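Visitor: I have a structure here, written as structure tokens, and I will follow up with some questions on it.
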Amino acid sequence: MTLIDEPLPGVKILRPFVFEDARGNFVKPFHEDQLAAHGISMIVREEFFSTSAKDVLRGMHFQIPPHDHQKLIYCLSGRVLDVLLDLRKESPTYGKAASFELSAANHHVVHVPRGFAHGFLSLEDGSCMVYKTDAVHAADADKGLLWNSFGFEWPITDAIISGRDLAHPEFGSYASPF
């Protein structure tokens, strides 16, 4: 795995091993030793994926302590604009967001440490996002922030958003536990 970028402290965008030939490709998005070489140590406790139509916006999601988690994410099909928001109060980038494109074509894998809200905008129909987390989902710890409340300029005005995501509190009124 090759480190591509660190857009916020602790967030790592990686290029995994990819083998391509006339048949297609072979991608290894998870390798414990190679992740450890980049300072990432996690035991995967749960894995899930979501598939989204174009213009679907999901987020901004996180789990609060003691069920907070780190995760590895990547886009298995399609393309998304992925967005992270730093919720760590002691961080020099608290309240700052970073965005990047994840796609089936670029194969990038992102490590999201504890203390970040995560969301994305699907840029194509059938965009499939995979999540590997080091904690299982805990409904009582599953939280979110309103997608347009933290100063990020989303490239869409009429996104498809769930009622749950529209009901999240605004960033400015949220007391971060991180």
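Throughout, read-outs are computed from the coordinates displayed, never taken from laboratory work. Here the structure is a predicted model, which means the values were calculated and not measured. Because the Cβ atoms are built from the backbone with ideal geometry, glycine has one as well, and the counts that use them run over all protein chains shown.
Visitor: For V130, only one of the following conditions fails: (1) under 12 Å from the mean Cα position of the chain (by Cα); (2) more than 20 Å from L35 (Cα to Cα). What is its number?
Guide: Evaluating V130 over (1) under 12 Å from the mean Cα position of the chain (by Cα); (2) more than 20 Å from L35 (Cα to Cα) leaves (2) as the failure.
Visitor: Only one of (1) of a type in the set (S, T, Y); (2) closer than 22 Å to V44 by Cα; (3) assigned to a loop (DSSP other than H, G, I, E, B) fails for Y131. Which number is that?
Guide: (3)
Visitor: When only residues in region 141-157 that are over 15 Å from the mean Cα position of the chain (by Cα) and farther than 26 Å from A105 by Cβ count, which is surrounded by the fewest Cβ atoms within 10 Å (Cβ to Cβ)?
Guide: T157
Visitor: From A167, A105, A117, A138, which residue is out of contact with any Lys or Arg (no Cβ under 7 Å at 6 or more places or on another chain), touching a residue at least 40 places away in the same chain (Cβ under 8 Å) and surrounded by fewer than 18 Cβ atoms within 10 Å (Cβ to Cβ)?
Guide: Of the residues listed, the single one that is out of contact with any Lys or Arg (no Cβ under 7 Å at 6 or more places or on another chain), touching a residue at least 40 places away in the same chain (Cβ under 8 Å) and surrounded by fewer than 18 Cβ atoms within 10 Å (Cβ to Cβ) is A138.
Visitor: Within region 1-31, which residues are farther than 16 Å from Y74 by Cα and more than 16 Å from the chain's Cα centre (by Cα)?
Guide: Of everything in region 1-31, those that are farther than 16 Å from Y74 by Cα and more than 16 Å from the chain's Cα centre (by Cα) turn out to be F19, E20, D21, A22, R23, G24.
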